[in-house]
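Structure, as structure tokens:
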Amino acid sequence: MMSACPIATISLEPDLNKAVVSTQSTGEFKEGCDAACNGPYQGRWSKTMIGYGVEDTNFVLELTYNYGIDKYELGNDFLGLHIESSEVFAASGGEVTEEGSKSLTSPDGYLFHLKNKSAPSSGPVSGITLASTNIEASVEFWSKILGLTVFEQSENQAILGFDESQAFVRFVHQAEVNHAKAYGRVAFSVPISELADAEKLALEKGHKILTPFVTLKTDGK
């Protein structure tokens, strides 16, 4: 089974004006994750949780490293992470658009959209944008199965979230979506008692479960 070795945990009261990225926790694992945390790989891997504040109250990123894998094929499904911070905006390079924002690309090819404004109370990460071939079907799944609220919806895009004070999920219509090999995913922290019900409802509605409900041996998972 998977062997988890916590290396460091840093608890911070984030200063949103300084927008400092901090390491929340890291871990080393000997085998692939039963919940596909590290993608479709079964070898040794590691993860690092990073964000502008603690994981319980902020949107954080889980960076995974699979030993022996030196490249991932990116698709066109993930369209960017949105950050609202005047300090990050000022410190970053890139050209300013007519709307007053910036778009940066990480060394791995991921997009970051920056806005020059004060960070919201939930932290500088305001949301993410994903591609969808069917906006109506995406809204139906994310609202009826996962319980998100629809904030905005049009023919070509939709914005949802659990609360307007938290990070949003924005869908933009594309004719085709290629997931490729990068294997990103969106995770929510919810009571464990609700997971089985959500899985049951998804199956009843005819959706495919990629990873069945499983309890991991990692603390808190």
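Quick notes
- Solvent-accessible surface (1.4 angstrom probe) belonging to residue 188, in square angstrom, nearest 10: 80
- Overall dimensions of the chain, expressed as equivalent-ellipsoid semi-axes from the Cα gyration tensor (√(5λ), whole Å, largest first), are 26, 24, 18.
- For the stretch 35-140, diffusion coefficient by Stokes-Einstein and Kirkwood Rh (Cα), 10 °C, 1.306 mPa s, µm²/s: 99
- Measuring r between the beta carbons of residue 181 and residue 44 and using R0 = 25 Å, the FRET efficiency lands at 0.85.
- Given charges at Cβ of Lys, Arg, Asp, Glu: the chain dipole, positive-most of 215, 171, 122: 215
- Extension gain, residue 92 to residue 208: 0.36 nm times the residue separation minus the Cα-Cα distance gives 37.7 nm.
- Probing with 1.4 Å while keeping every protein chain in the model, the per residue accessible area of the chain equals 63 Å².
The values are calculated or read from the model by the stated rules, or taken from the named source; none is laboratory data. Here the structure is a predicted model, which means the values were calculated and not measured. Note that we place each Cβ from the backbone using ideal geometry, even for glycine, and neighbour counts take in every protein chain shown. Note: areas computed on protein heavy atoms with side chains; ligands, DNA, RNA excluded. Shrake-Rupley method; radii C 1.70, N 1.55, O 1.52, S 1.80 Å.
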